[in-house]
Each structure stands twice: as C-alpha cells, then as structure tokens.
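J.: Before I ask anything, let me first share the structure, which is written out below as structure tokens.
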Amino acid sequence: MQRNWLKRLQPRIAVGHLFIVLSFYGFGQKNPYLNNPNDTLNPDHFLNTVEQSLNYFYADYANTRYSDSIIKALNYEPTTVPLFSDEVYCTRLNQMNNQSPFGFDCNAITLSSIRFFAENRRSFVKIVLGRSALYFDLFEEKLAEYGLPLELKYLACIESGLRPQVKSRAGALGLWQFMYRTGLYYGLEENSYIDERMDPQKATDAACRLLKKLYGIYGDWNLALAAYNAGPGTINRAIQRSGNQRSYWAIRPSLPSETQGYVPTFIAAAYLMTYHAEHNLMPAPAKIHNAQLDTMCLKRGLHMKTIASALDWDLQEIKDLNPIYKSEYIPASIKKRCVTGPLDKILLLVGSEDSLYLIENPTQTINPFTPDTSSLEVQASLPDSSSGQYGFHKVKTGESLATIAQKYRVSTDQLMEWNALQTSNVYVGQRLTLKEINTIAPAPVAPIKPVTPKKYYTVKAGDTLSKIAGRYGLSLAQLKKLNPGVGNMIRVGDRIRVK
C-alpha cells in the first residue's frame, strides 16, 4: 500500500527542487575528502542561489556600512578567517546532536562542507544570518505548530538564501523552492497576479506539511531531507539498491549527485548558523525584523504606487515585503489580498484604505464649497448613496474624534467605521477619511441647508446618556433635547435619537 501511495505522490513531489551543493572542483577548490570522480557535484544550482542572494543584498545595501561589537569582543580582525581542528568541529556537532533529533554526523564529507562555507562563502553566510531576522520567527512558529524540529528553519537558508524571489533554473520558486506542481498539490495558488510559492506564510505552512509527511514515510530526518530534494521515488530506489538500508549515509552513493551534497550542506548551514560568532561571521545588517511587521487585508484591488505615494512608503520595500504579487498591482479577491509592512505604515493604511480606493477610481469632483477648508483635504471621489461628499481631515493639536465629528456633522461611530478605528483615540497629523461630509450646496442666490435625516441608537449594556452623547459629538443637553420623553434612566434596548 505504501509503495502504491508513493507512486501516486512521486510525480507531485518537487524532483527539481533547488539544491545547494558543494563542488570543490567546480569552485576551483581542492577537497581532500571528495577525490572520487563519483563525488564530483554539479555546482550550478548552488551558484544560482548564491548569485541571486548576493545581488539582492548589494541592491539593498550598496551604500551602507556596519560594524559589530561581537567581533571586537572576540578580538577578531575584520579579515580574520578562524580555522579549527577536526576535533573542535566534531565536538560542536556532537553538542548539536545532543539537543536535536537530527543526525549532525561528523565525517569527512560534512567537515569539508563546513570548511568550504566557513572559508569560501563567508559573504553568503553573513547575508543569510542577516535575513534570518525577517523570517526565523515565522519559521519557528509554524514548525512548532506542526510539531517539527526548529532546526528545519535552516533548510530555507540552503534552498533560497532566505529570498522569496529566488528561482532555480528548473523553475522552483520561493523561500522553500516549490516546483509549480508541488505548490498546487499543497494549495499554493498561482495566476497572472500572484504566486503563493513566494508568500512566506503560505509557503512555510506548505513546507511544514510536506516535511511532516516525508518524515512520516522514513522516520529519519536525513532521509526526509533527501526526499525533499529528490522525491520519495528516488530515495526508495536508492534504499533498494543499497540492500534496504535505511540510513542516508548508507544510500548516499546510490543518490543523484545533487542529493549527495544536500544533507552535508544542510549540516554545514545548521553548524555555521549556530557557531557563526566563533567563525568571525556576523550578520549583515537587517533592514527590518519580523517583530516590526504587521498585516492587513484589502477589500478591493489597489496599486502599490498609490499606497507608496499616499503613505510616504518606499515602493521597493512594499514589493520586497509582499513578494507574493507578480506586479505592483494587488488584485481584488474573494479571499482578500493582504499587505505586510512596518507597524506604523500598516496603521496608516488601515486608517486611509477607503481614501486610497477613491484616489484610484475618481468619478466626480468634490464640490468646492466644503466646511473648514483649512483642515479638509479635498480629493476626487466616488458618490455616496446618501447626501454628502468625500474628503479627508488632518487632525490638529487639541482636536478629538468627537470635535471632528461635530465639525463635519457626522457621528464618532461613523468616523470610527470609515477609518477602521478600534478606539476613539487620534493623533496629530492623522488623516481621517470622511465618506459623508454634510456640505451646504452652493446656489445662485443663497445656500440651502440640506435636511438632516433622523438617526437612532439602540442602548447596550453599560451605556449611559453621557456616553452616548459623547460618542455622537453631542452635549447631554442636546441629546435630551432630541429625546424629550427620556429621563435620566435608560434601559438596554431603548432607542435613543442621536441626530
């Protein structure tokens, strides 16, 4: 039964996953341990990942410099490349073994892999260390949710260099390098506008499900990693050729060359991410950390340029933090498409979402006669179903939500709804959307005041007349004038006129 299931699963597994392999011949380095022609590995995929990751990094930090106090504390010179004996490496790997379900074997092949990264790919390790600030919290949260070892976060380091945009020559894409068919199998959507293989949240969830399934098949993490790279069918054939041995190192000679290098590279990555300071490898500066991010979902389609312009938010940062989108357009969807960004920018986006839609879809020009034009930023707008116009109000010193509501003859509840506010607190400089500005329409002779429709509020538990009055920008006397038959005592369910 298991073999039949594997045959059905195999075509859907990413046989073409991006792999990170070490070919010391290919890189012009002599390797005392891999001197057998059968162990000469093709470096193309690894070079592709390193090249793309470095290019992205240099684009981000071409004009920045940094220093790290840990280097000074260890008395390392910036150019120092520490070297250690085999005994030291093996002791450290054994320490990792004692705290992990993985088999961090210390042998000639893993030692070669560690030395190669530590001596010849130092820039790549530094960049991955820096990028880990953006993704490792997310990875650990998802891995813990599925009951998987946290060390699996290092797998994305060797798959993509922690760059969602990295694409292998075989077509694997994203942090976890899903092939198209594998992505579909695990629910990652792709269309003209989006590719969820590049969505950090969804791709990480899919990777956790795939890794959990592979471990369930083999009961060994090294074999599960090999299957992640080459597919279960390839691993099963290697197991059969080796006399049904269930150890990665026993079946390694029967594996494709790229898979022969995959697990040693994972071990090297895990080692260097753990002992990077000892190797004088400090993280490259991180532009932003995961803890500084928030997410909101849009109700309609929107261009990133509109968000960038209105919120003074760097367009490239919007694109980098939202790699799921193939272009600068965030499409409308029943699922609702989300935007991730720094907390302060997402807060502004929540407060001005509706106004951004109006900027992109103007159908009429605002009536030039508006109240308090010194604080109202008039924009082209969509018509409202009721009387009134659209615009924005920039909060001034001393203003509150209640005074602003009173100024525009709307309720605080309306302002909170239009701006997705959870509380009535506002801050100086905040832009508030005004969907319904009860203006005085100009006339040839004299302005005509529009009829204000009545509005009622149903009393809820904990309400008092004073609270209701404040909520709608009224004094207690004004509220009582609107409700002449209501005394000081109100009950849950009473209807109170507020307009």
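J.: Starting from the 7 Å offset along Cα-to-Cβ, what nm value, one decimal, do you get for the label separation of TRP249 and LYS336?
T.: According to this spin-label approximation, the distance is 5.2 nm.
J.: Identify all lysines with a Cα-Cα distance to LYS499 below 22 Å; exclude those on the same chain that are fewer than 8 residues away in sequence.
T.: List returned: LYS407, LYS435, LYS449, LYS454, LYS455, LYS460, LYS467, LYS480, LYS481.
J.: Is segment 241-308 rounded, prolate or oblate when judged by the Cα gyration tensor, a ≥ b ≥ c being the square roots of its eigenvalues, rounded requiring a/c under 1.5 and prolate requiring a/b larger than b/c?
T.: Numbers: a/c = 3.96, a/b = 1.85, b/c = 2.14.
Note, shape of segment 241-308 comes out oblate.
J.: Sticking with this structure for a sec: Cα gyration tensor of segment 150-298, axes a ≥ b ≥ c as square roots of the eigenvalues: rounded (a/c below 1.5), prolate (a/b > b/c) or oblate?
T.: oblate
J.: If you don't mind, there's one more thing I want to ask. Order of 394-400, 149-155 by packing, highest average Cβ count within 10 Å first?
T.: Details: 394-400: 12.9, 149-155: 20.6.
My ranking of the peptides, most packed first, is 149-155, 394-400.
J.: Sort 98-105, 316-323 by packing, meaning the average of other beta carbons within 10 Å per residue, with the highest value first.
T.: Numbers: 98-105: 15.4, 316-323: 18.5.
In descending order of packing, they fall as 316-323, 98-105.
J.: Taking 26 Å as the cut-off for C-alpha to C-alpha distance, list the pairs among LYS202/LYS299; LYS142/LYS336; LYS126/LYS305 that go past it. Working shown, then result.
T.: Numbers: LYS202/LYS299 20 Å; LYS142/LYS336 22 Å; LYS126/LYS305 32 Å.
Those over the limit are LYS126/LYS305.
J.: Further, regarding this structure: Can you list the equivalent-ellipsoid semi-axes of segment 289-358, largest first and in whole Å, using the square root of 5 times each Cα gyration tensor eigenvalue? Numbers along the way, then the final one.
T.: Working: eigenvalues 52, 38, 30 Å².
Equivalent ellipsoid semi-axes, largest first: 16, 14, 12 Å.
J.: On a 19 Å Cα-Cα criterion, which of the cross-link pairs LYS167/LYS212; LYS213/LYS335; LYS153/LYS213 come out too long? Don't skip to the end; give the middle numbers.
T.: Working: LYS167/LYS212 24 Å; LYS213/LYS335 27 Å; LYS153/LYS213 17 Å.
Over 19 Å Cα-Cα: LYS167/LYS212; LYS213/LYS335.
J.: On to the next question. Name the shape class, rounded, prolate or oblate, that the alpha-carbon gyration tensor gives for segment 456-497, where a ≥ b ≥ c are the square roots of its eigenvalues, rounded holds for a/c under 1.5, and otherwise prolate holds if a/b is larger than b/c and oblate otherwise. Don't jump to the answer; show the numbers that get you there.
T.: Details: a/c = 1.61, a/b = 1.22, b/c = 1.32.
Oblate, since a/c reaches 1.5 and b/c is not below a/b.
J.: As an exercise, identify the GluC sites (Glu not before Pro) in segment 168-230 lying in DSSP coil whose Cβ has no more than 16 other Cβ atoms within 10 Å.
T.: Numbers: sites: GLU189, GLU190, GLU196; in loops: GLU189.
Sites meeting the loop and neighbour criteria: GLU189.
Coordinate-derived values only; no laboratory data. Just so it is clear, the structure is predicted and the values come from calculations on it, not from any experiment. For neighbour counting, all protein chains shown are included, and Cβ atoms are generated from backbone atoms with ideal geometry for every residue, glycine included.
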